[in-house]
1. Is one or more of the residues making up segment 12-28 closer than 19 Å to residue 103 by Cα, part of a loop (DSSP other than H, G, I, E, B) and either at pLDDT 95 or above or of a type outside the set (Ser, Thr, Tyr) (or both)?
2. Quick one: in segment 55-103, which of the residues that are of a type in the set (Phe, Trp, Tyr) and at pLDDT 95 or above is farthest from residue 115 (Cα to Cα)?
3. Does any residue of segment 198-213 turn out to be hydroxyl-bearing (Ser, Thr, Tyr), within 28 Å of residue 45 (Cα to Cα) and in contact with a strand residue (DSSP E or B) (Cβ under 6 Å, 6 or more places away or on another chain)?
4. Can you tell me which residues in segment 181-209 are part of a loop (DSSP other than H, G, I, E, B) and not charged (D, E, K, R)?
5. Which is assigned to a loop (DSSP other than H, G, I, E, B) and in contact with a Gly (Cβ under 6 Å, 6 or more places away or on another chain), of 81, 74?
6. Just the residues that are in contact (Cβ under 8 Å) with a residue 12 or more places away in the chain, open to solvent by less than 40 Å² (accessible area, probe 1.4 Å), in contact with a helix residue (DSSP H, G or I) (Cβ under 9 Å, 6 or more places away or on another chain) and not in a loop (DSSP other than H, G, I, E, B), please, taken from segment 106-136.
7. Would you please name the residue that is most open to solvent (accessible area, probe 1.4 Å), looking only at residues in segment 212-226 that are under 13 Å from residue 31 (Cβ atoms) and not small (Gly, Ala, Ser)?
8. Could you tell me which of the residues 8, 60 is among the small types (Gly, Ala, Ser) and in contact with a strand residue (DSSP E or B) (Cβ under 8 Å, 6 or more places away or on another chain)?
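The values are calculated or read from the model by the stated rules, or taken from the named source; none is laboratory data. If you're wondering where the values come from, they're calculated on a predicted model, not measured in any experiment. All Cβ positions, glycine included, derive from the backbone under ideal geometry; neighbour counts span all protein chains shown. The area values use the complete protein model at the heavy-atom level, side chains included, leaving out ligands, DNA and RNA. Shrake-Rupley method; radii C 1.70, N 1.55, O 1.52, S 1.80 Å.
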Amino acid sequence: MRVLRGRAATIETDREISRRLLSLAADGEPAVRVWAPHRQVAFGRRDRRLEGYDCACERARAREFPPVERDVGGRAVAYDGETALAFARAEPVADFRCGTDDRYERATAAVEDALRSLEGSLDPVRGEPDDSFCPGTHSLSLPGVNDEPRKVVGIAQRVRQDAAVVAGIVLVANRDQLAAILESVYGALEVPFDPDTVGTVASASGPSDSAVVRAALEDALIGDAATVAIESVAASE
């Protein structure tokens, strides 16, 4: 298994690093990456079709969150450049018509294990509150105010004929800023969103150090791989 660590100098070059995961998997080598992407709002294909998309991009820029377009569907997600983590695990596939549910299950279980291994006695639950950011069927929540669930993890999957990647976001800290930027862009898109549904590891009494959470996620996603080769990505500017 190849493990990529670090972040490239720009948003675009960093995205190229992530695209390599599928290429590695297509060549027969599973790959894992867990990192903090550059500060940005990443919009999905569904967002780009909405009349408010240009306004949403302007609102993101005004808050110094450069807007980018993701390669996959879904709704907007925000990265603060420090505490919002992305993760991805790519693997070869023999038949692209099979294995989707199993890949989702293994990735979700790995992220659950990582969160439970952290200090704070975290107890993630599957699912998300109504009107969450980037709503989807594969999410994890942690308790917030009055133990009401708040979304902390979103997971998606991309499948090609020769490889598949399960990827997602984990919000570690900086809840108020992330909720505010998401409220602004979702408002422009006129997509239902409740900022109170945004959670973080830290606001659920877990660690606020993204490096600690990153290491736990990486270990869990690597799992029991027999051999692991570490590849360092150029540091960010």
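1. yes
2. 65
3. yes
4. 191, 192, 193, 199, 200, 201, 205, 206, 207, 208
5. Only one candidate qualifies: 74.
6. Within segment 106-136, 107, 110, 111, 112, 114, 115 meet the criteria.
7. Top of the filtered list is 222.
8. 60
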